[in-house]
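J.: Got a structure for you, written out below as structure tokens; questions coming shortly.
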Amino acid sequence: MASIQVAMRCRPFVGPGDLGVELRQTGDGPAGGEVNILNSNYTQTRYGFAYAWWSAHNHSKYAEKDKHIAADMKFISQDLAYEACGLKIKEDLLNGSAVVMFAYGLSGSGKTFTVFGPDAADSPDAWFKHAEPNDMWGILPRLAYSIFNEKTDEWKVTIKYFQNVVDTVRDLTSPSASEQQYKAGMRKDQDGFMDIDWCGKVVVNSWDELRTMFQQCNARKAISPTQFNHQSTRGHCVMTLEVEKPDADAPSMKHRGRLYVCDLAGTEPAGDIFYAEYKKVPQDDGSNEYQLVGPHSNQAKTKELQDQGKKINLSLSEMAQFFMKMAAAFKKGQLKAGATIPGCNSYFLCKYLKDTMMQAKTYLFCAIRPETKFHQYTYATLGFANNASVIKLDPKKATAAASELERKLMKELDEMRELVAQLRKQIAEGGGGGDAKETVAAAEQVASLQRSMTVKIQEIQQEADPSAAAAAVAYEKQKAHLQARGITLSSEVEDVSKLNTPYLINLDEDPFRSGRMLCILEKTPTSFGREKNDVRPQSMSMVADHCFFDGSGAKRSIKGGKGAAFVNGQLIKSGKTQELNDGDRVIIGSELYVFRVPGSTAEIDEDTAFEEYRLALLSNSEYKGQFKQAASGLRVGGKNMSLDKKSAEQLEEEMMALYPKAAEVENLCTMLDREYIDTSVVLQSTKITSASKEDAKVAVKVVNRNANPVETIYLPAFEFNRAYKILSDELYHLRDAISAEEYYVVPFQHDPLMLLFDSTFHVGTAVLFPEYLIYNLETDDSERLCEVFPAAASGNQNMDAGKLDVVWEPLPGPEGATGSVLDIIDETDLLGKSWTYRCRIKQALQLPMICDLCYCEYEFFDGYGYNTFATETVDFSSRPTRSPVLEYEYEHHVECVTEEFLAWLKKPLEIKIFISLDVKRPDQLAGTDNQKVVDLIRADMKLPAQRVKTAQGADAALAEAMERIQSLQDKVEALMSENEKVKKANKRLVMQRRVALAVAMEAAKGSYPDTGMEAMKAEKAGKPPPKPSAREASTKKKGSSACVVS
């Protein structure tokens, strides 16, 4: 019976420190690798996994303790790691099995290195920059290189590669930056494996094609510099490699092996992260070393990173919960191999991966650090892996029959090959005795046949995957729409540096969108703006005749028009002209570009460009002065919250950046038939009772006036910006469709209602006063319902937002300790002693809005530092409610109570409540069949009114049906999860009743030995009980009694 194969690997030291782990491979099998935690106080210090790899090659330089242990461990190189399991993975893949590899661990711990090797797009050591095997290659490059060396024309290799960033999925292979809400198109394929059906599937014919594709894709990943890694991936990256090849034993059948490579985001708690500044130091070997300088001066970047990190943590926590529950169920014998538990479906990671990995051969590659200072992260990773290692799998293979057309094409291909072989033989023999002309003719015929064979292979691949042809058609349509607006996709230009005309290329802080669009300045002059201009960028900030470019040869100048335009941060006034130089940064409306000339070599400092962009827009903002009004109303605990000058300036800059986008989103909502949605930029405090300047944050308040009750949600900047970009894209898809008289409907997942309201957000905070916990007292029934204050803007927390049922129960000690709880008379009696409590959060009651998802979060101080705890995210999508049941419990233990811990217990404890709203599908989506939408857009485009065609095309009807099917499937799964909970509750009640009856029977027999059973039967039948016997009456007179429970 297969189980998840866990490989634990320790990376090299990053600096001096005590050795914290020991890894040894002692044998084969599920526990052939041994991991020991050194120099710690943890209760469990030994773990067994399939593989334990020690890769800290620099231990002699940095290890300060237990050097002899480090020296005695066997070093595991990339080559040895591949030999240990990579060869087996390749064999399973080519035999038609599904294989899952996922990498888990702290950012910078080496998880990506194990699976891929160095993979930064700008690194000279990146695996895809080496055409031949390299010592630094990870498992995937070695495996793929080997497969392409064995590949024949009958084989088909395809790749999907996408990144999950919070609530969206981004197709990294897409040349046009396609991204959608993560639920869109997520469904099981014909083999029962989860798939994102709209993501492109790229046919890869050679190793070099794969390398090129990865270099392009990795440059598009969402990454940020943190103290753990100068290029920390801010989302889960998933690649599927599918190998389809004929079955040697049954030529009419095909093996379809699949490899899922899941490189998960870092597991570090969001509160531990800061946006870091690094110094790039060139090395003698041509590589670069990145040295950590410290936190970035702009704290807004850290806040955004932490907001993102919280969402990542939720996704990873749900996966950890899944493994923990699965491990418990398998240990109790409650699950068969390959079966899964219901629930754990609230976030992308589990929703996409859990069913697939249960029917695949799954490998978990965990990465840890060697130093003791990382013990808390190491221990968490080991616990995660330990649960995963006991889960039993039921792997299956995928096979498919070749279609009639495929078989016909394959037969034709075989005939061509035979003819080519004959002709080559003829050429080798000198044309069969003929003259030189016949030999040349034969060679030309061979070349012609080889071209035909290439076309035939492409036809076979398209027949096997018709979705690829559909994706190609969609891409061509989008390319045509952009060209009609004067924009060229950079993917259409083989090498932009070889263009013979000056051009602008877009620059975006989001690498996924950066460098995608070219504005080639061929026409002179070239006008930028709206409908009648030459170039019409995808931005509502553009106005007619916004600005103009003129010049000849490689020289261009910009002339100010009716809109705002900047060059290198300087405003170009209307009618004024400025010469452009290679590498100049040009801002047109809200779009940032870099000006390039033929043969451009100028390097661009992107950080400088983005800072310049930010300052330029601020200097031209019409929203100055609004910050003071927002800050003056910010109150916490009944007092005004004070902000120092630096904090106020940073918050004002954040608000200034969001004001125009909020106004634009309101306009977008109106254009998309959602005029009842209002947006505004507000200032909030993340705490209710007391707060410092670090607790002030900027958010976007979004109100749905059409809901009953009215729905209000507060979005962090990064989530709002994501919605803003997708809504802008959708409006322009509609504008293009209307211009081309094509049919288009905005998918429900991209409707303003879904993008803005289908997101977990902080709805309110429950406040309790835990001082009584000093005295080992249990929560009184009268105090268990804590008032919830709304997470409102400007400190407006004087409204009732419901209740939260919270109980704290004192325990004699940790982990099931027995005995009595210590009586505490004076708080000093607790100093130096241990303290253990069970926290129970049962239910939120009468929240202000109906939710379909809920979880709570609070900070606990253990005397040494703060740790964030969160309940499990509970899904109520099948039965949305205002009173979600959470049933959370956790045992908090403090080994030695300190003065600091007592002081913390005397302060209010805040428990934040997060929910996701129950978003209802509107009666009509925004599309070219929506008369109101068409009228608004045509009026904005200065086009005459036109009646819409209400008949939907077959494709659109199918897409809508698939959306509804997916929605129903989600509800069915949620109901199944709820049904399992009800079954368990009923089982508990039945057992309790049986126990009570047994107790009652024993009591009856003891006190009423003669008539006890008859009395119980009579009571059950609703009849009067029999009279007690003389012996029973005599016993009762002496004072004994019994209570009968029915």
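Read-outs: derived from the displayed coordinates by stated rules, not from any lab. Everything numeric in this text was worked out from a predicted model, so none of it was measured. In this analysis, Cβ positions are derived from the backbone assuming ideal geometry, glycine residues included, and neighbour counts consider all displayed protein chains.
J.: Could you pull out the pairs from Lys301/Lys646; Lys624/Lys697; Lys303/Lys325; Lys201/Lys310; Lys311/Lys396; Lys129/Lys245 whose alpha carbons sit more than 23 Å apart here? Display every interim value, and only then the final one.
T.: On the way: Lys301/Lys646 15 Å; Lys624/Lys697 18 Å; Lys303/Lys325 33 Å; Lys201/Lys310 31 Å; Lys311/Lys396 33 Å; Lys129/Lys245 28 Å.
Over 23 Å Cα-Cα: Lys303/Lys325; Lys201/Lys310; Lys311/Lys396; Lys129/Lys245.
J.: Considering the Cα trace of segment 622-758, what is its radius of gyration and what is Dmax, both in angstroms?
T.: Cα-based Rg and Dmax for segment 622-758 come out at 17.3, 58 Å.
J.: Further question: Kirkwood hydrodynamic radius for segment 760-917: how many Å is it when counted over pairs of different Cα atoms?
T.: That comes to 16.5 Å for segment 760-917.
J.: As a quick test, which of the pairs Lys354/Lys803; Lys74/Lys361; Lys523/Lys661; Lys183/Lys725 have an alpha carbon distance above 25 angstrom in this structure?
T.: Working: Lys354/Lys803 34 Å; Lys74/Lys361 27 Å; Lys523/Lys661 32 Å; Lys183/Lys725 18 Å.
As for pairs spanning more than 25 Å Cα to Cα, those are Lys354/Lys803; Lys74/Lys361; Lys523/Lys661.
J.: Largest first and in whole Å, what are the equivalent-ellipsoid semi-axes of segment 486-619 based on the Cα gyration tensor, each being the root of 5 times an eigenvalue?
T.: They are 19, 18, 15 Å, listed largest first.
J.: Could you give the radius of gyration (one decimal) and Dmax (whole number) of the Cα atoms in segment 722-838, in Å?
T.: Values for segment 722-838 (Cα only, Rg and Dmax): 26.1, 81 Å.
J.: How long are the three semi-axes of the equivalent ellipsoid for segment 178-245, computed from the Cα gyration tensor as the root of 5 times each eigenvalue, in whole Å, largest first? Walk me through the numbers before you get to the answer.
T.: Values: eigenvalues 124, 74, 22 Å².
Values for segment 178-245, descending: 25, 19, 10 Å.
J.: If you take the Cα Rg of segment 77-371 and divide it by 2.2 N^0.38 Å, with N the number of residues, what do you get?
T.: Cα-based Rg divided by the globular estimate yields 1.02.
J.: To continue, here is another question. On alpha carbon coordinates alone, what is the Rg over Rh value for segment 121-186, Rh being the Kirkwood radius?
T.: Here the Rg-to-Rh quotient is 1.07.
J.: Quick one: net charge around Met941, please, counting Lys, Arg +1 and Asp, Glu -1 for every other residue with C-beta under 9 Å from its C-beta.
T.: That works out to +2.
J.: So how much slack lies between Ala740 and Ala329, counting 0.36 nm per residue of separation and subtracting their Cα-Cα distance, in nm?
T.: 142.3 nm
J.: Equivalent ellipsoid semi-axes for segment 1-80, as square roots of 5 times the alpha carbon gyration tensor eigenvalues: give them largest first, rounded to whole Å.
T.: 23, 15, 9
J.: Moving on. Taking 8 Å as the Cα distance limit and 6 or more residues as the minimum spacing, I'd like the relative contact order of segment 509-624 as a percentage.
T.: Here the relative contact order equals 17 percent.
J.: Follow-up. Which far-off residues, 5 or more places away or on another chain, put their amide H under 5 Å from the one on Val165, with H placed in the peptide plane?
T.: Answer set, sorted by chain and number: Arg170.
J.: Ok, one more. Go from 0 up to the bin containing the longest alpha carbon distance in segment 22-181, width 10 Å each, and give me the % of pairs per bin.
T.: All Cα pairs considered, the percentages come to 8, 28, 34, 21, 8, 1.
J.: Taking the Cα atoms of segment 472-540, report the difference between the largest and smallest coordinate on each principal axis, in whole Å and largest first.
T.: 29, 27, 26
J.: In the neighborhood of Arg705, defined by Cβ-to-Cβ distances under 15 Å, what is the net charge if each Lys or Arg adds +1 and each Asp or Glu adds -1? The partial results should precede the final answer.
T.: Details: positive: Arg674, Lys701, Lys920; negative: Glu666, Asp673, Glu675, Asp678, Glu711.
For residues surrounding Arg705, the net value is -2.
J.: Within the set of other residues whose C-beta is less than 12 Å from the C-beta of Val14, count the net charge using Lys and Arg as +1 and Asp and Glu as -1.
T.: +2
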